[in-house]
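Each remark here refers to the structure printed beneath this line.
The values are calculated or read from the model by the stated rules, or taken from the named source; none is laboratory data. Because the structure is predicted, anything quoted here is derived from the model rather than measured. Heads up, the Cβs are rebuilt from the backbone with ideal geometry, glycines too, and the neighbour counts pull from every protein chain shown.
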Amino acid sequence: MNLHSLFAERFGGEPTVVLRSPGRVNLIGEHVDYNDGFVLPMAVSMQTDMVLRPRDDRKVVLYSPIFDSQMEFSLDAIEKQGTWIDFAQAVAFVLHNDGVELTGFEGVVWSNVPLASGLSSSASFEVAVALAFLELAKADKSAAEVALLCQKAENQFIGVNCGIMDQMAVAACEKDHALLLDCRDLSMQQVPFQLKDHAIVVVDSDAPRELASSAYNARRTQCEQGLALLQQWYPEAKSLRDITPDQLALHSGALPEEVAKRVAHVVGEIARTEEAVEALKSGDLAKFGRKMNESHASLRDLYEVTSFELDFLTDWARKQPGVLGSRMTGAGFGGCTVTLVEKDKADELIQRLIHDYAIATDRQARGWVCEAQEGAEILG
Ligand code: ADP
Ligand code: MG
């Protein structure tokens, strides 16, 4: 897609700012962000591209070739419109409240991050818009500050109660690294993830995610119940992060059965994510892959947030030559899987998977071979 020629057709002349902002996938550490755990996302190859030029009438005018739709709003009258432009308005709203001097602009925004598939197209778009405003304001903010503002935009303006992982990954990831994010204090560590002979394959299951939000709320409540009960023995524990697998083993019999399973997933997954990071640091990709498989099994058997589709995709992948590990990623039920596979087998894996999955489910999967990309950045 040539955004410069689209810009010239719509607005005439040349844009003055060019930027990109990736989607993200979580490699391991699932359903632990709200328990103060660790997550390990990386920026994927699918991204939002945006070109723009400032205007002097305090309007933001954006053309989206993916929706073939041009939308606008005034910086002096930010109100929900019920369309995709709300994500840009949300960012303007929080940046203004944060004291950033906003300038209007016109631009073209394109993306090949699949929408609503769990690869954070919304965070990718938000961070892109934030970088645009900050560039025009010549305001300097760290990636973490940008991420926190965009999370606030989604929480307060869009009304989606997301955690910080998506925006942080989009804004702060580095090329050839995964981002180890400690959800307790938001401290971050760049973990080298330059895969010479391997690649990450992301597969969109095309399965409905409706169940995910009610299950998500139910799981959160069960985690709170589990913590409250465990605090009888461990009053110093502020979250499930503070409970070790050994401590849980001593008392899990005292928890209601389902709560015990949920807590076992969380406590196990937090420990597993740390082990997976150690495996990466020591170059043991086979072990990293095993941790991915264990994570999926735990999400399936203990947290019970997988589905026929996600189990099919990951079981199928694990049986293929060159696959080191495969798991669901995101909230569950629908969305995507993530698979670590030998690079030269990745394309064929995707093609055959799409074929067999369509026969088993009547659904059209899509797959991408990804390497860890740089987070959002101004290109010029
Ligand atoms: P995801 O898991 O992909 O973040 P969401 O439901 O949170 O799914 O966000 C998807 C919505 O974000 C889209 O329906 C659209 O309104 C908006 N969006 C994402 N990317 C873009 C884009 N490049 N241009 C316009 N709107 C976008
Ligand atoms: Mg989103």
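Structure values in brief
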{"item": "Residue ID - farthest from residue 87 (Cα to Cα), chosen from residues in the range 156-205 that are modelled with pLDDT of 95 or more and small (Gly, Ala, Ser)", "result": "199"}
{"item": "Answer residue from the range 196-228, given it is in contact with a helix residue (DSSP H, G or I) (Cβ under 7 Å, 6 or more places away or on another chain) and surrounded by fewer than 17 Cβ atoms within 10 Å (Cβ to Cβ) and is nearest to residue 115 (Cα to Cα) among those", "result": "220"}
{"item": "Whichever residue in the range 220-272 is closer than 16 Å to residue 34 by Cα and assigned to a loop (DSSP other than H, G, I, E, B) and, among such residues, is farthest from the chain's Cα centre (by Cα)", "result": "237"}
{"item": "Close pairs from the range 181-200: first of a type in the set (D, E, K, R), partner not in a loop (DSSP other than H, G, I, E, B), Cβ under 7 Å, at least 6 apart", "result": "182/38; 184/241; 197/342; 197/343"}
{"item": "Residue within the range 104-112 that is part of a loop (DSSP other than H, G, I, E, B) and not aromatic (Phe, Trp, Tyr) present", "result": "yes"}
{"item": "All strands (runs of 3 or more DSSP E) inside the range 10-100 with 2 or more residues being under 30 Å from residue 336 (Cα atoms) and in contact (Cβ under 8 Å) with a residue 24 or more places away in the chain", "result": "17-26, 41-54, 59-64"}
{"item": "Failed item, numbered, when residue 126 is tested on (1) in contact with a Cys (Cβ under 8 Å, 6 or more places away or on another chain); (2) more than 28 Å from residue 272 (Cα to Cα); (3) surrounded by fewer than 24 Cβ atoms within 10 Å (Cβ to Cβ)", "result": "(3)"}
{"item": "Residues satisfying the stated conditions in the range 84-129, i.e. more than 7 Å from ligand 1 (Cβ to nearest atom) and among the β-branched types (Val, Ile, Thr)", "result": "85, 91, 94, 100, 103, 108, 127, 129"}
{"item": "Test set (1) within 30 Å of residue 245 (Cα to Cα); (2) within 16 Å of ligand 2 (Cβ to nearest atom); (3) in contact with an Asp or Glu (Cβ under 7 Å, 6 or more places away or on another chain); (4) not hydroxyl-bearing (Ser, Thr, Tyr) - residue 91 fails condition number", "result": "(1)"}
{"item": "Sole exception among (1) of a type in the set (Asp, Glu); (2) farther than 23 Å from residue 314 by Cβ; (3) not in a strand (DSSP E or B) for residue 166, by number", "result": "(2)"}
{"item": "Candidates 327, 290, 363 - the one that is modelled with pLDDT of 95 or more, of a type in the set (D, E, K, R) and in a strand (DSSP E or B)", "result": "327"}
